[in-house]
Amino acid sequence: MNVGIIVFASMVIAPIVWGIMIYNLLVSLKNNTDKAWSNIDVLLKQRNSELPKLIDTCKQHMKYEQETLEKVINARNLVESAMKSKNMQDLSVAESQLEVGLNGLFAVAENYPELKASDAFLRLQTRISTLEDSIADRREFYNDTATTNNTRVEQFPDNIISNAFSFKKYDMLEFQVEEMTDVNIGNAFQN
């Protein structure tokens with residue numbers, strides 16, 4: 001066989017094989033990031049479906065804490081809205097507000113012995129706390145997969161394929177400043 005044909009064929013075939021490998025890798029990264037988001041979405045929906053039950057249970061015992069309950073309800077609605085739009089910045093802010101609201105609700109619940117003794121409240125509190133832990137774990141995994149995707153989409157020579165086929169970068173689920181500061185639980189007890 002002619003050496004020129006082999007060299008020419010390898011010069012044509014090698015870039016095609018390289019392009020296919022890069023494309024397949026980028027598809028895999030995109031799908032993994034989408035899957036990581038879907039896992040968060042499921043947990044957020046589960047947690048958000050438990051919150052009305054918690055509010056109803058608290059309303060039965062906490063007659064004078066309407067403002068605390070409304071903060072949780074409003075934050076829950078913001079989370080749902082951000083989930084539907086898949087806006088990671090809005091979701092981070094809404095999650096931050098919900099966390100503050102739930103911390104306040106659980107702190108205020110300490111003033112209501114009959115509520116703290118309620119089986120329904122204890123089950124819901126445990127369920128929501130467990131879901132919060134799972135959401136935090138999934139958020140970390142999502143950020144890891146999104147970072148890997150974003151790195152490959154921007155890296156040369158992968159960016160040639162990513163630009164040609166419109167692969168996108170993913171926004172991070174970042175913690176808000178309020179989430180990184182200590183919560184002043186004493187404020188929840190002041191009227």
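Among LEU54, LEU69, LEU78, which is the only one that is in a helix (DSSP H, G or I) and at pLDDT 90 or above?
LEU78
Starting from residues that are loosely packed, with under 15 Cβ neighbours inside 10 Å and small (Gly, Ala, Ser), keep the ones in the stretch 111-135 and report whichever is nearest to the chain's Cα centre (by Cα).
It comes out as SER129.
Give the residue, chosen from MET21, MET11, that is modelled with pLDDT of 95 or more and either at negative phi or under 16 Å from the mean Cα position of the chain (by Cα) (or both).
Only one candidate qualifies: MET21.
Can you spot a residue in the stretch 87-109 that is polar (S, T, N, Q), more than 13 Å from the chain's Cα centre (by Cα) and crowded, with 18+ Cβ neighbours inside 10 Å?
The answer is yes, given that some residue of the stretch 87-109 is polar (S, T, N, Q), more than 13 Å from the chain's Cα centre (by Cα) and crowded, with 18+ Cβ neighbours inside 10 Å.
Among the candidates LEU122, LEU131, single out the residue that is at pLDDT below 90 and either more than 14 Å from LEU29 (Cα to Cα) or in a helix (DSSP H, G or I) (or both).
LEU122
Yes/no per residue for (1) within 14 Å of ARG47 (Cα to Cα); (2) touching a residue at least 12 places away in the same chain (Cβ under 8 Å); (3) not hydroxyl-bearing (Ser, Thr, Tyr):
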| position | (1), (2), (3) |
| --- | --- |
| VAL79 | yes, yes, yes |
| ALA82 | no, yes, yes |
| MET88 | no, yes, yes |
| GLU99 | yes, yes, yes |
| LEU102 | yes, yes, yes |
| ALA117 | no, no, yes |
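Can you tell me which of LYS63, LYS59, LYS35 is modelled with pLDDT of 90 or more, of a type in the set (D, E, K, R) and over 16 Å from GLU132 (Cβ atoms)?
LYS35
May I ask you to list pairs of residues, at least six apart or on different chains, whose Cβ atoms are under 7 Å apart, with the first in the stretch 121-133 being in contact (Cβ under 8 Å) with a residue 60 or more places away in the chain and the second being of a type in the set (S, T, N, Q) and assigned to a helix (DSSP H, G or I)?
Close Cβ pairs satisfying both conditions: PHE121/THR57; LEU124/THR57; LEU131/GLN46.
The values are calculated or read from the model by the stated rules, or taken from the named source; none is laboratory data. No experiment lies behind these values; they were computed from the predicted model shown. Please note: Cβ atoms are built from the backbone with ideal geometry, for glycine as well, and neighbour counts cover all protein chains shown.
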